[in-house]
Amino acid sequence: MLQSRPGLVVQGLSVALGGRAVLRDVSLDVAPGEVVALEGPSGAGKTTLLRAIAGLLPAEGAVLAGGRPALVFQQHALAGRLTARENVLVGALARMGFWRAALRLWPRAEVAAADEALAAVGLDGLEARRADRLSGGQRQRVAIARALVQRAPVLLADEPVASLDPATAEGVLGLLRDLALAQGLPILVSLHQPGLAARFADRVLRLEDGCLTPS
């Protein structure tokens, strides 16, 4: 069912790391249900921008999202010995508490939510498979499902297909496109493949030397 979401608005975001300006007065917006791709050379500040929007780096400026965005990392950040379901349930830690997770005392409602998220990303039936026994594309889908379970108002993805073969990359980006439309989810994704960005994103923004430029 389409959900009502506020979208993402970034106003005048600036980040300095080690005394060096990495982002300079970046402003952008992503509407509910929209996929916006962020392009730019290595070192342009794409990862820094996504991490700052997610609240993982100190920054000046404003991020308006109706809550804390969820970030899908480039290298999945999954625990190989945990099952797909358990990795997804990590996204619900803020609601469950660490001790429940440590003892694997998962509430039934959260298990159901995790399984629903896995089904939404096309992994129905693989809930009990260990993450280290999944393909690269499947692991990335688990990471996306984990982000969905966070119930975040915005989804950010940092080079989510960088290590995937072309066919799998298209499948993951198609999944993000479908999730945006089905859930009214604003998605900001960094990509280094212009062709994929043009095909799967509604808009493309370019970041160079910490500043947004026309794409």
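The values are calculated or read from the model by the stated rules, or taken from the named source; none is laboratory data. Nothing here was measured: the structure is a model prediction, and the numbers come from that model. Note that each Cβ is placed from the backbone with ideal geometry, even for glycine, and that neighbours are counted across all protein chains shown.
Observations on the structure shown:
- Some residue of segment 3-13 being modelled with pLDDT under 95, loosely packed, with under 13 Cβ neighbours inside 10 Å and in a loop (DSSP other than H, G, I, E, B): yes
- H76 fulfils the conditions (1) modelled with pLDDT of 90 or more; (2) crowded, with 18+ Cβ neighbours inside 10 Å; (3) under 15 Å from the mean Cα position of the chain (by Cα); (4) not β-branched (V, I, T) except for a single criterion, (1).
- Residue check, E86 of a type in the set (D, E), modelled with pLDDT of 90 or more and under 16 Å from the mean Cα position of the chain (by Cα): no
- Residues satisfying the stated conditions in segment 30-42, i.e. under 11 Å from P6 (Cα atoms) and either of a type in the set (A, V, I, L, M) or over 15 Å from the mean Cα position of the chain (by Cα) (or both): V30, A31
- Filtered by the rule that a residue be free of Cβ contacts under 8 Å to residues at least 40 places away in the same chain and assigned to a strand (DSSP E or B), segment 18-63 gives R20, D29.
- Among the residues listed as G210, G184, the single one being touching a strand residue (DSSP E or B) at 6+ places or on another chain (Cβ under 9 Å) and at positive phi: G210
- Scanning segment 99-108 turns up no residue that is closer than 24 Å to A31 by Cβ and either in the same structural domain as G55 (by TED's automatic domain parsing) or not acidic (D, E) (or both).
- Number of the exception - A147 against (1) at pLDDT 90 or above; (2) over 9 Å from the mean Cα position of the chain (by Cα); (3) among the small types (G, A, S): (2)
- Pairing residues of segment 193-215 that are of a type in the set (K, R) and at pLDDT 90 or above with residues that are in a strand (DSSP E or B) and surrounded by 16 or more Cβ atoms within 10 Å (Cβ to Cβ), at Cβ distances under 6 Å and at least 6 apart in sequence or on separate chains, gives R203/V36; R206/E39.
- Any chance A79 is small (G, A, S) and more than 22 Å from R177 (Cα to Cα): yes
- Residue selection: R95 fails the criterion of being of a type in the set (D, E, K, R), buried (at least 19 other Cβ atoms within 10 Å of the Cβ) and not in a loop (DSSP other than H, G, I, E, B).
- Counted residues, segment 161-199 - those being within 13 Å of E39 (Cα to Cα) and either assigned to a loop (DSSP other than H, G, I, E, B) or among the aromatic types (F, W, Y) (or both): 4
- Residue within segment 56-65 that is of a type in the set (A, V, I, L, M, F, W, C), surrounded by fewer than 18 Cβ atoms within 10 Å (Cβ to Cβ) and outside the structural domain of G184 (by TED's automatic domain parsing) present: no
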